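Enquirer: This is the structure I want to talk about, given as structure tokens.
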Amino acid sequence: MNIVHLPVELLVQIFDCLPQSALIHNLSLVHKSWYDLVQHSPDVWRTRTVLFENSVYTHDNEPWRHALRLVRNCSLKHVHFSFLPLIDLLSLFAECAEHLTSLTVEQCQNQVISEYVLMRLYGMTWPELEQMQIGNFYVDGASAIRQLFKYVLPNSPKLQYLNGFEVPLLSYGSEVNWEGLKSITLMNDAFVTASSSEMLVTVAQKLENLTHLDLRATGFEFDALNTLFQHTTSLERLSVQDLYTFDVTHGFDGLKELSVTRSERVVQSIIKKCCNIESLKLDIHASFEIKEVAKYLKNLRHLWIERYSDSLIEIMKNCSLHTLRIGRITHTKENKLIENLIEHGQSIRVLVLDQVQFSNSADIYTIMKGLPNLKELTANACFTHSSPIDNISTNTHGLETFKFEHSRMQVNVHSFATANLRNLTYIKAKREATQGIRPEDFNYIAAHSPHLKKLDVSLFDIPSQPTNSSKKPRLNIFTGLDTAHLIFGEYGSLSQMCGVLICCQNASTFSVDSIFSKAQYVDKLRAFLEEEKVKEAMKRDKEKHKTARSDSTNIAAKKQHKKWSTQRYTRVKKSHKRTDPCTLQKLASIVWKEIDQLLNTTCFYDNGKNATEMLRKTYKNMLVTKFNPEDSRKTSIIHEFLHLLRLRILTPDIPKRILLQR
């Protein structure tokens, strides 16, 4: 059956995996039935958040008319407006009012709109609107944005989530259906004529059903804040920012998540009233104050803490953590951070180390060995001042995710490449000459971790080490790989890069980054292509010379041949730089030779079966037999690599960072 004629239900499930731009600009052009499905079927857009932004949708052009058709025909439920003029926003917003469920508005231009234009919203209702986010710009009481939502907020009976990034929602006063809200962002409004604290007292009495509160407390009076906390006892998530000296007098028995920023003086008072906190996020200052109230955190499961290891140790003694993120902490003999982490952190499953200083590189292996339940480990910008230790290894068979990013430490990649590994991230730190993944290291990963789903690594940053093994390397094709982001260094050969691409050929999201234009393999390709061009020119010279000599009756041809033979090589040398020295056809033949030689020396396995000969036939068809330069970009990852390789060869001064995605 042709894919065009698949049932609508299956096509909708397939389309759900594609981005919005692909639906609009690509799939709708394939077939008339697909065009009708994308342009007129609400099923395609039912669960998708549709983005309307100024760079795409403007007045008096085809994209804008398409946006209006999409809104009118497809009953959009989730809409995101970004960088739109208010007149355009108003037109689209009014069209999708009936079915709209969630709305996000950010960075819209603050234009002056007449009351006549806004009257278009008069009498309209938004019966299904449940979630609204207003954000990233300040508005005053007389702005058009406030007038716009003046019509929306009172006529949205199901509105439950109202969050404003930098927007003072208190300025809307009685226009908001405060009783039905479950999530809200509250901040002081410097433009409101009446007291913000008085408004907060009035609003607080209507927030008894509130479960999520983001409070930016600058400028509020203590009595108003006390009234707010008194009426929001059913909170489940609380984020506090800029809350200074304040004593919380009412408890939050249902509070599960607490985030504290620049409010270290009240963190103890809040925690004493919250005995069931499961997730706690602290900034540097609040981390110091938490030590005295650690005994109240017996139900804590997820912790983000910075700088103060004494507070961390005291917390771990009183609870069983599942997720721990440590930031800017130094392991010393005095605090015994690693020893206490192993002693009291046996339940930890996810560990994130951010800018942690260790005594030596072996400390990270000591942690993994001492935490038997650890499934995910992230080391971001960690470092040590001691000399590296060679031959470090440990048992990491239970580890499923390993992320090593910009850390100045030496780790053995082989110790993490196990059968249970699902996600691997390895990005070397800048100016580190001893770190990186060699070709033999990647071969080990491909041989021992066939079930990888995400691969984000920098490869070939350091020279490979010679090996005496006579056995053929055995590489596994990552069958279940979803995402592959590869950064190739300057020490890799074209054959080794092709081997990596073959292993990652099943990735649905793929990128190749930082292929240096001055690497050795690029120089060799340039020299080879220039040599091939000179040989072709000489071959054409001989053919024309032979033709001219055989034509003895044509005197003019002889004279022209004599003149041409003395000047031809000079013209070739002067003009060859202006022509294209490499084509995709030539590069494809070169890459195929490299792959053919690679398949003679390496065994590739797919799901346990030897797939070497199958790969040979497949890539010969793609690169030689059925190669089509016009359609090559849509065919495979290897063809995408050809375009990037050609760009590197033709342009020596190209920027070093080039991202190629599909």
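Enquirer: Only loop residues by DSSP count here, and only those with at most 15 other Cβ atoms within 10 Å; note down the GluC sites (Glu not before Pro) in the stretch 400-500 that meet that.
Expert: E432
Enquirer: Here's a follow-up. Keeping all protein chains in position, work out how much accessible area R422 exposes to a 1.4 Å probe, and write it in Å² to the nearest 10.
Expert: Surface open to solvent at R422 totals about 80 Å².
Enquirer: While we're looking at this one, here's another question. Counting Lys and Arg as +1 and Asp and Glu as -1, what is the net charge of the other residues whose Cβ lies under 12 Å from the Cβ of W178?
Expert: Around W178, the charge tally is -1.
Enquirer: Follow-up. Got a sec to turn the phi values of the stretch 479-493 into Karplus ³J(HN,Hα) couplings, 6.51 cos²θ - 1.76 cosθ + 1.60 with θ = phi - 60°, whole Hz, x for Gly and Pro?
Expert: Values, residue by residue: 5, x, 5, 9, 9, 9, 10, 10, 10, 8, x, 8, 9, x, 8 Hz.
Enquirer: How big is the accessible area of T509 in square angstrom, nearest 10, if you roll a 1.4 angstrom probe over the protein chains?
Expert: Answer for T509: close to 60 Å² accessible.
Enquirer: Let me ask something else. In whole Hz, with x marking every Gly and Pro, tabulate ³J(HN,Hα) for the stretch 409-426 from phi via Karplus 6.51 cos²θ - 1.76 cosθ + 1.60, θ = phi - 60°.
Expert: 9, 9, 10, 8, 5, 4, 6, 9, 7, 10, 5, 8, 5, 10, 10, 10, 10, 9
Enquirer: If you take the charge dipole of the stretch 448-499 about its Cα centre, with +1 on Lys and Arg Cβ and -1 on Asp and Glu Cβ, which of L475, S495, Q465 is farthest toward its positive end?
Expert: Positive-end residue among those listed: L475.
Enquirer: So between N607 and T479, what do we pick up on full extension, going 0.36 nm a residue minus the alpha carbon distance?
Expert: Full extension of this stretch gives 45.4 nm more.
Enquirer: Carbon and sulfur together cover what percent of the accessible area of the stretch 277-357 at a 1.4 Å probe radius?
Expert: 42
Enquirer: For E530 and K593, calculate 0.36 nm times their separation in residues minus their Cα-Cα distance, and state this gained length in nm to one decimal.
Expert: 20.9 nm
Enquirer: At 1.4 Å probe size, with no ligands or nucleic acids counted, give the accessible surface of L399 in Å², nearest ten.
Expert: My reading of the accessible area for L399 is about 10 Å².
Enquirer: Put D36, D253 in order of accessible area, largest first, 1.4 Å probe: what do you get?
Expert: Solvent-accessible surface, decreasing: D253, D36.
Enquirer: In addition: If Lys and Arg each add +1 and Asp and Glu each add -1, what is the summed charge of the other residues whose beta carbon sits under 12 Å from the beta carbon of Q160?
Expert: Charge balance near Q160 sits at -1.
Enquirer: Strictly over 22 Å apart at the Cα level, which of K375/K472; K369/K453; K586/K617; K369/K472; K291/K375 would you flag in this model?
Expert: The answer is K375/K472; K369/K453; K369/K472; K291/K375.
Enquirer: Suppose the Debye formula is applied to equal point scatterers at every Cα of the stretch 248-310; what is log10 I(q)/I(0) at q = 0.12, 0.17, 0.21 Å⁻¹?
Expert: -0.24, -0.49, -0.77
Enquirer: Quick one: 3J(HN,Hα) in Hz for the stretch 285-302, Karplus 6.51/-1.76/1.60 with θ = phi - 60°, rounded, Gly and Pro as x.
Expert: Going residue by residue, I get 6, 5, 4, 6, 7, 7, 4, 6, 10, 4, 5, 8, 10, 5, 9, 5, 10, 10 Hz, with x marking Gly and Pro.
Enquirer: While we're here: Starting from the residue with the highest accessible area, list T185, T323 in decreasing order, probe 1.4 Å.
Expert: T323, T185
Enquirer: Pick out, in residue order, every one of the trypsin sites (Lys or Arg not before Pro) in the stretch 324-380 that is DSSP loop and has at most 12 other C-beta atoms within 10 Å; say none if there are none.
Expert: Within the stretch 324-380, the qualifying trypsin sites (Lys or Arg not before Pro) (loop, at most 12 other Cβ atoms within 10 Å) are K333.
The values are calculated or read from the model by the stated rules, or taken from the named source; none is laboratory data. Just so it is clear, the model here is predicted, and its values are computed rather than measured. With ideal geometry, Cβ positions are generated from the backbone for all residues, glycine too; neighbour counts draw on all protein chains shown. Quick note on the areas: whole protein, heavy atoms, side chains included, nothing else; ligands and nucleic acids left out. Shrake-Rupley method; radii C 1.70, N 1.55, O 1.52, S 1.80 Å.
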